[in-house]
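The structure appears right after this line, and notes come after that.
The values are calculated or read from the model by the stated rules, or taken from the named source; none is laboratory data. The shown structure was predicted, so the numbers you read here are calculated from the model rather than taken from an experiment. Ideal geometry is used to build each Cβ from the backbone, glycine not excepted, and the neighbour counts take in all protein chains shown.
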């Protein structure tokens, strides 16, 4: 299929494959048939597969300017990371450009050695390219989405290129090596200084969706075409030094609804999609589709409480927050709404995988959990007495608040209503107000305009939630402030080992600065002949170079290989 026909011809892709193959083979000389390419077929997916989120569009390919996970999926196909972090959140040096990191005894000096690696134009990938990335982050400042994350560049005293394959970073103070490597160093993906270096930041901004700007890559794929609002077409990078792609094309087609994903799988116009919980039955009734269950994304959902709004000052009382958490029957919600795809979440460290869980959390010893009787007792102790209408009162005020919900999600709305019923059962009145997601983002930046809302929080490879829970944190729009929490978060980033992380998560689970909830699992619908789906979705970034079609399907797909 020609790249220009992607959007109009998706629904007919499979119907004519065998006919196209026969005519293509008859037109080829014998020598050309013998030299048929080893890559096989085209894989078409919408952005967001594996996240459980609604599909959307990709708008930027510049990894230093992107603000969307969907953009990041596309970028991950073009550029190889300095460090590859696997699904267990450990560095896999066999799949990283870096071959190792040496840490000084005082935890301030990190020396990184790199393997020989090459850009697609034949130029070597060097330590100077990593330094170029670091310098761009400094130049961009807070406009870089992860500025300050992992101490990059805020905790760096010096960055020195020692030779083409080695560099050294010295921090301003001792840091926790696990945190600095997983959160800080992992950001320093090398980018081609010899190509990008001639552009200013403003020029790069204007070219963030221009395919010509991203011609030189070092990842498993190269960019074939990018039609804004329609699709992106990728082809294998023939100079890639890692696991070579076995497919001829990988296409991201931009869909904008859960229903369009289901229809795409039914018609065969796409090869993978999420299965929305609201369309669970419809997804399971599809013919000739494989269902793949994936673990939840590394993160959690939460009810955010506004500490800045005096109308809901009762949120500042830990007993009220604990009572809210104790009233919620998350196991029932997981069974009824999320089809047992996830586990109960009580704190800021994801339970799946359990890599970073404290001993108490691993043993299930959380200070909160479903216990309505305990919740009622906590509210009694806090002075909130039951009123004649079933809503608690104190000093002439009702224990009532409005929850701001993003509209459009049927399963999410059912979840909000279950929370509403659980709170009502212990004497708390939660009203629900629906707004669009863009409206919600605007409202939460006005402290007196909202009382409570909900978000999902995706963590990187290390679950330190300082941006959200630290006093003045960059994502702490709720105004939460606790001196002990600040000290514990400081210790997480400066103390070697895991003990500081354990103390922080246990304290946060007790305090419930936001009401922690589970991240739903992800169910993926896949073409039954497509292999490598689990590997494609593991490790936090798309790995389309591990996708391939089985032998029974591959011959019928060679016609796809006539695409440019």
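Do you know which residues across the stretch 222-236 are under 9 Å from residue 254 (Cβ atoms), in contact with a helix residue (DSSP H, G or I) (Cβ under 7 Å, 6 or more places away or on another chain) and surrounded by fewer than 20 Cβ atoms within 10 Å (Cβ to Cβ)?
Correct list: 230 only.
Could you go through the stretch 447-459 and let me know if any residue there is crowded, with 18+ Cβ neighbours inside 10 Å, free of Cβ contacts under 8 Å to residues at least 40 places away in the same chain and outside any loop (DSSP other than H, G, I, E, B).
No, every residue in the stretch 447-459 fails to be crowded, with 18+ Cβ neighbours inside 10 Å, free of Cβ contacts under 8 Å to residues at least 40 places away in the same chain and outside any loop (DSSP other than H, G, I, E, B).
Here is a list: 404, 378. Which entry is farther than 30 Å from residue 258 by Cα, within 38 Å of the chain's Cα centre (by Cα) and modelled with pLDDT of 95 or more? Even if it seems obvious, please write down each step before you answer.
Details: 404 fails: farther than 30 Å from residue 258 by Cα.
Just a single option satisfies the conditions, and that option is 378.
So, of the residues in the stretch 62-80 that are in a loop (DSSP other than H, G, I, E, B) and modelled with pLDDT under 95, which turns out to be surrounded by the fewest Cβ atoms within 10 Å (Cβ to Cβ)? Don't jump to the end; show me each part of the working.
Our first condition is that a residue be in a loop (DSSP other than H, G, I, E, B); within the stretch 62-80, this holds for 62-68, 76-80.
Going one step further and asking which of them are modelled with pLDDT under 95, we end up with 62-68, 76.
Numbers: 62: 19, 63: 22, 64: 23, 65: 17, 66: 20, 67: 10, 68: 16, 76: 21.
So, considering only residues that are in a loop (DSSP other than H, G, I, E, B) and modelled with pLDDT under 95, the one surrounded by the fewest Cβ atoms within 10 Å (Cβ to Cβ) is 67.
Would you point out the residue of the stretch 270-283, among those that are out of contact with any strand residue (DSSP E or B) (no Cβ under 7 Å at 6 or more places or on another chain) and over 13 Å from residue 52 (Cα atoms), that is surrounded by the most Cβ atoms within 10 Å (Cβ to Cβ)? Show your work before the answer.
Step one: list which residues in the stretch 270-283 are out of contact with any strand residue (DSSP E or B) (no Cβ under 7 Å at 6 or more places or on another chain), which gives 276-282.
Pick out the ones that are also over 13 Å from residue 52 (Cα atoms) and you get 281-282.
On the way: 281: 7, 282: 16.
The qualifying residue surrounded by the most Cβ atoms within 10 Å (Cβ to Cβ) is 282.
Of the conditions (1) more than 20 Å from the chain's Cα centre (by Cα); (2) in a helix (DSSP H, G or I); (3) buried (at least 21 other Cβ atoms within 10 Å of the Cβ); (4) touching a residue at least 24 places away in the same chain (Cβ under 8 Å), residue 510 fails just one. Which one is it?
(3)
State all residues of the stretch 105-126 that are under 15 Å from residue 197 (Cβ atoms) and either buried (at least 18 other Cβ atoms within 10 Å of the Cβ) or modelled with pLDDT under 95 (or both); if no residue qualifies, say none.
119, 125, 126
Return yes or no: is residue 24 surrounded by fewer than 20 Cβ atoms within 10 Å (Cβ to Cβ), modelled with pLDDT under 80 and either not assigned by TED's automatic domain parsing to the domain that holds residue 146 or not in a loop (DSSP other than H, G, I, E, B) (or both)?
Working: surrounded by fewer than 20 Cβ atoms within 10 Å (Cβ to Cβ): yes; modelled with pLDDT under 80: yes; either not assigned by TED's automatic domain parsing to the domain that holds residue 146 or not in a loop (DSSP other than H, G, I, E, B) (or both): yes.
Considered against the rule, which asks whether it is surrounded by fewer than 20 Cβ atoms within 10 Å (Cβ to Cβ), modelled with pLDDT under 80 and either not assigned by TED's automatic domain parsing to the domain that holds residue 146 or not in a loop (DSSP other than H, G, I, E, B) (or both), residue 24 comes out as yes.
Of all the residues that make up the stretch 320-343, how many are part of a helix (DSSP H, G or I) and under 24 Å from residue 362 (Cα atoms)?
Taking the stretch 320-343 as the starting set, the residues that turn out to be part of a helix (DSSP H, G or I) are 320-327, 330-336.
Retained after the next criterion (residues that are under 24 Å from residue 362 (Cα atoms)): 321-327, 330-335.
The total comes to 13.
Search the stretch 412-440 for residues being surrounded by 19 or more Cβ atoms within 10 Å (Cβ to Cβ), in contact (Cβ under 8 Å) with a residue 60 or more places away in the chain and outside any loop (DSSP other than H, G, I, E, B), and hand back the single one that is nearest to the chain's Cα centre (by Cα).
This residue is 415.
Which of the residues spanning the stretch 352-386 are in contact with a strand residue (DSSP E or B) (Cβ under 9 Å, 6 or more places away or on another chain), part of a loop (DSSP other than H, G, I, E, B) and either surrounded by 23 or more Cβ atoms within 10 Å (Cβ to Cβ) or touching a residue at least 60 places away in the same chain (Cβ under 8 Å) (or both)?
To start, the set of residues in the stretch 352-386 that are in contact with a strand residue (DSSP E or B) (Cβ under 9 Å, 6 or more places away or on another chain) comprises 368, 376, 379-380, 382-386.
Cutting the leftovers down to part of a loop (DSSP other than H, G, I, E, B) gives us 368, 382-384.
368, 382, 384 - these are the residues of the stretch 352-386 that are in contact with a strand residue (DSSP E or B) (Cβ under 9 Å, 6 or more places away or on another chain), part of a loop (DSSP other than H, G, I, E, B) and either surrounded by 23 or more Cβ atoms within 10 Å (Cβ to Cβ) or touching a residue at least 60 places away in the same chain (Cβ under 8 Å) (or both).
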